[in-house]
């Protein structure tokens, strides 16, 4: 069994505005209707797998909108928040399945040996948590991570500079992240010129 990792990019401020709006716009109401449907579909899929949370994903969404959660520990809120993010962000990029997600901390140790700053290490941003306070999932997964889109070029450059020094077990993954972040850096620059403001790279580990 592996844990699936994917990423997407968008404006996290739009996500926060949807969840905290006192009076929603017509576009926000339209998005929210789609998000509610997706949450119900997730609940159905989980039931088919024999998985039951104390709070349904659909109910968790409503509680996030209301600003009052009914429990301190439940993964449903992570799933609900991810659906809100997905409605505002780009299509996801599949980063593969990982048998031991803790391996990213070993990769981080290797990168740190050659001077990569701690805030650019994969274990730092892949497991940084959501930008809003959510109930703990109660288990190690799902996990949410975020990274500032405007720093993608910095991350890419830091990894590229040490690739030739990394051991073979780490080089391919570091190169993949460098490639992805270089692409995201180019996309961020293009978006700025077009007046768009994608500020966050979002990671979902499940």
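The values are calculated or read from the model by the stated rules, or taken from the named source; none is laboratory data. Please read all numbers here as calculations on a predicted model, not as lab measurements. Note: ideal-geometry Cβ built from the backbone for every residue, glycine included; neighbour counts use all protein chains shown.
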- Query: When residues of the range 129-156 are filtered for being outside any helix (DSSP H, G or I), modelled with pLDDT of 95 or more and over 19 Å from residue 69 (Cβ atoms), how many remain?
  - Reply: 4
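Let's see how each residue does on (1) under 15 Å from residue 141 (Cα atoms); (2) in contact with a strand residue (DSSP E or B) (Cβ under 9 Å, 6 or more places away or on another chain); (3) surrounded by 15 or more Cβ atoms within 10 Å (Cβ to Cβ):
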{"residue": "61", "(1), (2), (3)": "no, no, yes"}
{"residue": "69", "(1), (2), (3)": "no, no, yes"}
{"residue": "74", "(1), (2), (3)": "yes, yes, yes"}
{"residue": "80", "(1), (2), (3)": "yes, no, yes"}
{"residue": "83", "(1), (2), (3)": "no, no, yes"}
{"residue": "86", "(1), (2), (3)": "no, yes, yes"}
{"residue": "91", "(1), (2), (3)": "no, yes, no"}
{"residue": "99", "(1), (2), (3)": "yes, yes, no"}
{"residue": "102", "(1), (2), (3)": "yes, no, no"}
- Taking the range 148-179 and keeping only residues that are surrounded by fewer than 18 Cβ atoms within 10 Å (Cβ to Cβ), closer than 16 Å to residue 104 by Cα and within 21 Å of the chain's Cα centre (by Cα), one is left with 175, 176
- From the list 45, 31, which residue is under 19 Å from residue 204 (Cβ atoms) and loosely packed, with under 14 Cβ neighbours inside 10 Å? 45
- Task: Kindly provide the set of residues from the range 55-99 that are on the phi > 0 side of the Ramachandran plot and assigned to a strand (DSSP E or B), ordered by number.
- Result: 96
- Message: Every residue in the range 157-195 that is touching a residue at least 24 places away in the same chain (Cβ under 8 Å) and outside any helix (DSSP H, G or I), please.
- Response: 166, 167
- Message: Just to verify a result, which residue in the range 113-128, among those that are surrounded by fewer than 16 Cβ atoms within 10 Å (Cβ to Cβ) and in a helix (DSSP H, G or I), is farthest from the chain's Cα centre (by Cα)?
- Response: 113
- Message: Checking residue 202 against (1) part of a loop (DSSP other than H, G, I, E, B); (2) within 30 Å of residue 51 (Cβ to Cβ), only one condition comes out false. Which one?
- Response: (1)
- Message: Can you say whether residue 15 is surrounded by 15 or more Cβ atoms within 10 Å (Cβ to Cβ), in contact with a strand residue (DSSP E or B) (Cβ under 6 Å, 6 or more places away or on another chain) and in a helix (DSSP H, G or I), as far as the supplied structure shows?
- Response: no
- Looking at (1) part of a loop (DSSP other than H, G, I, E, B); (2) in contact (Cβ under 8 Å) with a residue 12 or more places away in the chain, which is the only condition residue 52 fails? (2)
